[in-house]
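What follows is a set of notes on a single structure, which appears directly below.
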Amino acid sequence: MKQLAALALAMAIGFLSQHALGQGAQADQIKRRAKELSNQNNVRQGVPPPPQPPAQQAVTPAARPAVARSPASNPVLPATQQQSVARLTADFAAIKPGNAVTPEQKQQWIKDLATAVRGATKPSFAALTRFVNGLAGALAEKNPGPAEQSRLAQNIEAVLNSERLPLVQFDAIIADVQAILQVGGAKRDLAVSVANDLKAIGVEVRKTPAQ
């Protein structure tokens, strides 16, 4: 009898523990979705994006043609960052919803992303390609407006140069990218996937290069 009582008590404790864990996971999911909605509202209302990393001199600067500033460019950013953001914004603006992004356009994106990196650690070609393929799919399905395209470009440029950026700001920028895509009309799963691909690029950039 005592053994049966002990077994019943153990089963009850196990059930309650699983129930508590389930409730905790559900609460975490609710908080995460509430934060996502808050980020999306910030995008819609034009709240400034998360703080960007400070400008730093490129390790191997290369001569680049002058790029005209777009109307949506951020005057707070230094000229070099302005040019990178303008290039990326132009890349996104050229995408017409419903039309597949061409291989030539993707190659130009990869080139512009690589050119935007000013730090010592460069992201891998594989990571850039994976991100471009995902982002191309999202923008070809639903391309956000000019203001969101500029904000998206500014965030991507920030991640490419996030080597010295605090982790809290880095995570906030990644979350803002997801919010921009969802506000633009991308499905959540796709927006999350693209944001994760961008985060992977940031993880590579933030690694300390071997001495």
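The values are calculated or read from the model by the stated rules, or taken from the named source; none is laboratory data. Keep in mind it's a predicted model, so treat the numbers as computed, not measured. Every residue, glycine as well, gets a Cβ built from its backbone with ideal geometry; the counts of neighbours run over all protein chains shown.
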Only one of ARG130, ARG151 that is under 19 Å from GLN82 (Cβ atoms) and of a type outside the set (A, V, I, L, M): ARG151
Scope segment 68-109; condition modelled with pLDDT under 80, under 29 Å from GLY185 (Cα atoms) and β-branched (Val, Ile, Thr); matching residues: VAL76
Of residues in segment 97-139 being in a loop (DSSP other than H, G, I, E, B) and of a type in the set (Val, Ile, Thr), the one nearest to GLU157 (Cα to Cα): VAL117
The lone exception for ASP197 - which of (1) more than 16 Å from VAL101 (Cβ to Cβ); (2) touching a helix residue (DSSP H, G or I) at 6+ places or on another chain (Cβ under 7 Å); (3) of a type in the set (Asp, Glu) it fails: (1)
Residue match in segment 147-161 (condition: β-branched (Val, Ile, Thr) and in contact with a Gly (Cβ under 8 Å, 6 or more places away or on another chain)): yes
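Within segment 112-121, can you find the residues that are surrounded by fewer than 16 Cβ atoms within 10 Å (Cβ to Cβ) and touching a helix residue (DSSP H, G or I) at 6+ places or on another chain (Cβ under 9 Å)? First the steps, then the outcome.
If we filter segment 112-121 for residues that are surrounded by fewer than 16 Cβ atoms within 10 Å (Cβ to Cβ), which is where we start, we get 114, 120-121.
Within segment 112-121, ALA114, THR121 qualify.
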Residue in segment 46-56 that is within 27 Å of ALA179 (Cβ to Cβ), surrounded by 17 or more Cβ atoms within 10 Å (Cβ to Cβ) and modelled with pLDDT of 75 or more present: yes
Residue identified as of a type in the set (Val, Ile, Thr), at pLDDT 95 or above and within 17 Å of GLN40 (Cα to Cα) among VAL203, VAL194: VAL194
